[in-house]
Structure formats: structure tokens, C-alpha cells
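Here's the structure we're looking at; comments come further down.
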Amino acid sequence: MPPSAFPPSCAPTPAGAGEVSADGGTLAEVLDSLESNHPGIRARILDDAGALRRFVNVYVGDDDVRFIGGLDAQVAEGTKISIIPAVAGGAER
């Protein structure tokens, strides 16, 4: 079961756990596993068309999934998946 790390804004559990475990050999399978155990997490990561949201960065190990197959990216046993919302903006001076 690869662990998946979540920042508090995307945490899949009411308690805001920063890390959960999920099963799957591809990112899509891991997200399906997460959704079955933490309903609603998929909508935070995927858009209505089922594609990765533009402003959510997902890494399998150290690799950005957009460059290693997207939802078909392979996930080896024990590999950490990081889901990080993009941060933009700033204070105007």
C-alpha cells in the first residue's frame, strides 16, 4: 500500500490526517482506493472530465505524474504519492 501525503487543505479525512495508505499499481487505482475509503477526495484531485486538476500537483516518488503517464503512472509498492495544491498570488504593495 503506497502512502499518500496530503496538505491540510486536501486532507481526505475529517481529522485532517496528513498521510493515508491506499492500494493500486497505477495512480488511477490508488485514487480509486482512496475514494472508496475517503469519499470526496477524487473531486479535490480530478476535474469533472476525470483529468488531474490544473492547479493540483501530484508526485509519485519525486516524479511529477504529468511527465510519467498521468493517471496511468505506475506506483510501486511503498512509493510515496504526494498531492500538493498549487499556491499562487501574493500581497500587493
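Rolled with a 1.4 Å probe across the full set of protein chains, the surface gives Ser36 an accessible area near 90 Å². In terms of its C-alpha gyration tensor, the range 25-68 has an oblate overall shape, because the principal axis ratio a/c (a ≥ b ≥ c, square roots of the eigenvalues) is not below 1.5 and a/b does not outweigh b/c. Candidates Val65, Gly50, Ala86 compared by Cα position along the dipole of the range 24-93: farthest toward the positive end lies Ala86, with charges placed on Cβ. Using a simple spin-label model with pseudo-atoms 7 Å out from Cα toward Cβ, Glu19 and Ser36 lie 2.3 nm apart.
The charge dipole of the range 43-92, taken about the Cα centre with unit charges on the Cβ atoms of Lys, Arg (+1) and Asp, Glu (-1), comes to about 100 debye, rounded to the nearest 20.
Remark on the range 43-93: ratio of C-alpha radius of gyration to 2.2 N^0.38 Å is 1.34.
The values are calculated or read from the model by the stated rules, or taken from the named source; none is laboratory data. Since this is a predicted model, take the numbers as computed values, not measurements. Cβ atoms come from the backbone with ideal geometry, glycine included; neighbour counts cover every protein chain shown. Note: accessible area is taken over every heavy atom of the protein model, side chains too, but ligands, DNA and RNA are not part of it. Shrake-Rupley method; radii C 1.70, N 1.55, O 1.52, S 1.80 Å.
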